[in-house]
Amino acid sequence: MDYQSILNTIEQKLDKRNCKGKVAAYIPELAKVPADKLGMHLYCINSGHYSFGDSNEKFSIQSISKVFTLALAIRFVGDKLWDRVDVEPSGDPFNSLTQLEYENGIPRNPFINAGALVVADVLVTHLENPKKELLDFVRQLCEDDTIDYDERIAKSEAASGYRNVALMNYMKSFENINNDVDEVLDFYYHQCSLAMSCKELAKAFMVFANAGKQLSTGKRILGKQKVKRMNALMQTCGFYDEAGEFSFKVGLPGKSGVGGGIVAVHPQQYSVAVWSPMLNEKGNSELGMDALEELTTLTGLSIF
Ligand code: GLN
């Protein structure tokens, strides 16, 4: 498979597309990111890596971080986590509060904000230094000790995160948050502020394409069953109320973030990250989805 020429074709096709998406503005620091950034990076399980555009530029990974925190949390509490977070697609926006009321404060899945906040609460309970230990985990996956939080982004979200404060307090009223609300929110805003490039994200997600083992060392990071389940959750819940559309168009497990990044994996084939900050009305990168749709069409490699 000539991945590089396929990526070049995708770049040319995207160039001609008229994107109607908008850069996220509800976190003021994110609104400063130039709208025309575009990059893509693909790691193949057995034949190197390929890229185009701004694939080496770091951006705010936002909700993509929910995959890293979920992986860490299920390492600590295993199946007990599912008593506090469900595994069903929500069909609602990422920051919705509505379903919590009739589901007794149990979020529909770990990738909507409510679910990720419960996962963050679990990590605050179990980790001695949650911010450091999350960073160590992501650095290990990327084999890169320079990965870091972007304090400006974390601060900016903390100053404007009214929805997340509401979600936390609402879930605490159902006794599904065990720690101090502000402490958990501080951890959550930091995880969302992780600054990574497409290249770094694609490398980190290789563990989900490679059945839980680090590609370069063969070291097991996550059990096979855990990876199978995480990929299933990315497939069914990774794009909120657009998860069906992403499956329909792209056909891969994946996760998006409001920074404009999307990471997707094809088990036993590749992991791929794309970044374009212009979001559609569901909060997912418009050109990022187009790029991945082209990728699975041109390669003939989706999971369907
Ligand atoms: N930090 C963002 C928030 O909590 C993450 C949302 C996202 O990327 N979908 O609103």
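Couple of notes before you dig in:
- Projecting label points 7 angstrom from Cα along Cα→Cβ for E151 and S216 puts them 2.8 nm apart.
- Convex hull of Cα atoms in region 91-207, direction-averaged projection (nm²): 7.7 nm²
- Rg and Dmax [Cα atoms of region 197-283; Å; Rg one decimal, Dmax integer]: 12.9, 40
- Using a simple spin-label model with pseudo-atoms 7 Å out from Cα toward Cβ, I303 and V165 lie 3.8 nm apart.
- If only the Cβ of Lys and Arg carry +1 and only the Cβ of Asp and Glu carry -1, the dipole of region 211-304 around its Cα centre is close to 920 debye.
- Here region 136-263 is treated as a Stokes sphere of Kirkwood radius computed over C-alpha pairs; at 20 °C and 1.002 mPa s its diffusion coefficient rounds to 130 µm²/s.
- Compactness index (Cα Rg / 2.2 N^0.38 Å), region 1-77: 1.41
- Kirkwood hydrodynamic radius of region 166-225, Cα pairs, Å: 14.3 Å
- Gyration tensor (Cα) of region 248-304, equivalent ellipsoid semi-axes in angstrom: 19, 11, 9
- With N counted as the residues of region 1-40, its alpha-carbon radius of gyration over 2.2 N^0.38 Å works out to 1.54.
- Phi angles of region 107-118 translate, via the Karplus equation with coefficients 6.51, -1.76, 1.60 and θ = phi - 60°, into HN-Hα couplings of x, 5, 6, x, 9, 6, 4, 4, x, 5, 6, 5 Hz per residue; Gly and Pro are given as x.
- Whole-Å distance, taken between Cα centres, linking region 156-225 and region 1-41: 24 Å
- Extending 7 Å from Cα along the Cβ direction at K32 and again at R17 yields two label points whose distance is 2.8 nm.
- Charge dipole magnitude, Cβ of K and R +1, D and E -1 - the chain, Cα centre, debye nearest 20: 680 debye
- Stokes-Einstein D (µm²/s) once Rh is taken as the Kirkwood radius of region 17-60 over alpha-carbon pairs, at 37 °C in 0.692 mPa s: 260 µm²/s
- Within the chain, helix-based [θ] at 222 nm, where runs of 4 or more DSSP H residues each add -39,500 (n - 2.57), nearest 500: -13500 deg cm²/dmol
- For the chain, leaving out every one of the trypsin sites (Lys or Arg not before Pro) that falls in a DSSP loop and has at most 11 other Cβ atoms within 10 Å, the longest unbroken run is 21-218.
- Percent breakdown of C-alpha pair distances by 5 Å bin, ordered from the shortest bin, for region 85-143: 4, 18, 22, 18, 14, 14, 8, 2, 0
- Share of pairwise Cα separations in the chain, more than 23 Å, in percent: 51 percent
- Stretchable slack from K80 to D182, in nm (0.36 nm times residue separation minus alpha-carbon distance): 34.3 nm
- Across K37/K131; K80/K155; K255/K282; K203/K228, pairs whose alpha-carbon gap is larger than 20 Å: K37/K131; K80/K155
- The ellipsoid that matches the Cα gyration tensor of region 51-160 has semi-axes, each √(5λ) in whole angstrom, of 26, 18, 14, with the longest given first.
None of the figures in this text is laboratory data; all of them are computed from the coordinates on show. Keep in mind that what you see is a predicted model, and the values were worked out from it rather than measured. FYI the Cβ positions are ideal-geometry reconstructions off the backbone, even for glycines, and counts take in every protein chain you see.
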